[in-house]
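The values are calculated or read from the model by the stated rules, or taken from the named source; none is laboratory data. Please read these numbers as outputs of a predicted model, since none were measured by experiment. When we count neighbours, we look across all protein chains shown, and the Cβ atoms used for this are built from the backbone with ideal geometry, even at glycine.
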Amino acid sequence: MRDISILFVLPSLRLGGAERQTVDLVNSMAKQGYHIHLFTFERNLDLLEVLDRTRVKYYNHPRCYKFDFSNISRIAEIIDREEIDIVHCTLQIALLFGYFGVRRSKRRPKLIDAIHTTTNRDAKAELFDRLIYVSIMRRCDRIIAVCDSQKAHWAKKYPFLNERLATVHNGIDTEYFIDDLDNETKVSLRSQLGIQTGELVIGMVAGFRPEKNHEEVFTAFSRLVRQGLPAKLLLVGDGERRRFLQTKAYQLLISDRVIWAGFTNDAKKYISIFDVGVLFSSSVETFSMAILEMLAMGKPVVATDISGTGEMISDGGNGYLVQPRDVEALVDRLDLLLREPQSRERFGIAARQTVLDNFTKNVMVEKTIRVIEQAHAR
């Protein structure tokens, strides 16, 4: 069924997991012949260059202030003018605008919500959920969760949403995320970063935010260094806690072994030189795109067993799962992988196969299409 007009509502085109998933989705669906429109209301347009504007009709109307609701009228106008059948919203504020846009329109299309959070960061966000967001969700025709764990969490917390919930796992472009850099390029990059011959690389791709818990990764890494492991810690990302983390590295006497790669639009080249990936988040993580990218590139990953991480990492198969805050377990699992190259190779092969079997962009697109067409047929 291709004769469906769909309006995707997304806050911005910043370089975030939800945003990248939506751009991949709209590009793929437009290529398949669906009539795709994309509406954003923030100024960040990092992903604009990868949006297929030859097939996707794009609208950007930045808010003038936080509680600027003028875009509700704009969304309603698009719905009526373009004869929109489905409005697909990603993230809470987009659902707020999308829902009232649907209510204001004459056409009243079906409404789909794609949720990307499980545990809220603070009490304010939780209150927003309970007072506003959930009441809108119960008026949606379908609600898409990005992993089974997230779906179960929302169904248990709000049982009346259960019949509307469906899981569509995040997916990535495995033709792009493959470890295909030649050895000469890798050697050159390692040299530029100050990584010596024979040194192992523990890699982490994450913004410098509290829930990513870099400081306990630093603690684990410092213990590995004291145990005589010849390794460097390569950090891909940046953020508000950079100075705090630099101080922490200095205090732990690992400053000369931590590499600050900074923010990048594309982490692929850095992941290519990882020996092991790590993500030791303490909360919030739902279904990490960074983990999927590392697995797709054949890198075993040690990660916290929260939310949907256990759906992509098989403990002892393609990586290891550890409990939040269990630094001792993190040290032990990293040490195992780093000291056993044959295990790393075996885990790496299994890691890529996991993504190929379950978490490709194509699988994600086809499952989303199924949900959209089911909603359209209701």
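Just name the residue that is farthest from F287 (Cα to Cα) out of those in region 362-378 that are modelled with pLDDT of 95 or more and basic (K, R). This residue is R370.
For beta carbons closer than 7 Å, sequence separation of 6+ or different chains, a first residue in region 284-295 that is of a type in the set (S, T, Y) and a second that is modelled with pLDDT of 90 or more, the qualifying pairs are T286/V146; T286/C147; T286/Q150; T286/G308; S288/L279; S288/T309.
Here T197 fulfils each of the conditions (1) over 29 Å from V50 (Cα atoms); (2) within 16 Å of the chain's Cα centre (by Cα); (3) not in a helix (DSSP H, G or I) apart from (2). A single member of L338, L330, L279 is surrounded by 15 or more Cβ atoms within 10 Å (Cβ to Cβ), under 21 Å from S191 (Cα atoms) and not small (G, A, S), and it is L338.
Close Cβ contacts (under 6 Å, 6 or more residues apart or on different chains) running from residues in region 316-344 that are closer than 15 Å to L224 by Cβ and assigned to a helix (DSSP H, G or I) to residues that are of a type in the set (S, T, N, Q) and at pLDDT 95 or above comprise V327/T219. Of all residue pairs spaced 6 or more apart or on separate chains, those with beta-carbon atoms under 7 Å, a first member in region 56-73 that is under 15 Å from Y99 (Cα atoms) and a second member that is charged (D, E, K, R) and modelled with pLDDT of 95 or more are I72/R104; S73/R104. Looking only at residues in region 256-289 that are among the small types (G, A, S) and in contact with a Ser or Thr (Cβ under 6 Å, 6 or more places away or on another chain), the one that is farthest from F218 (Cα to Cα) is S283.
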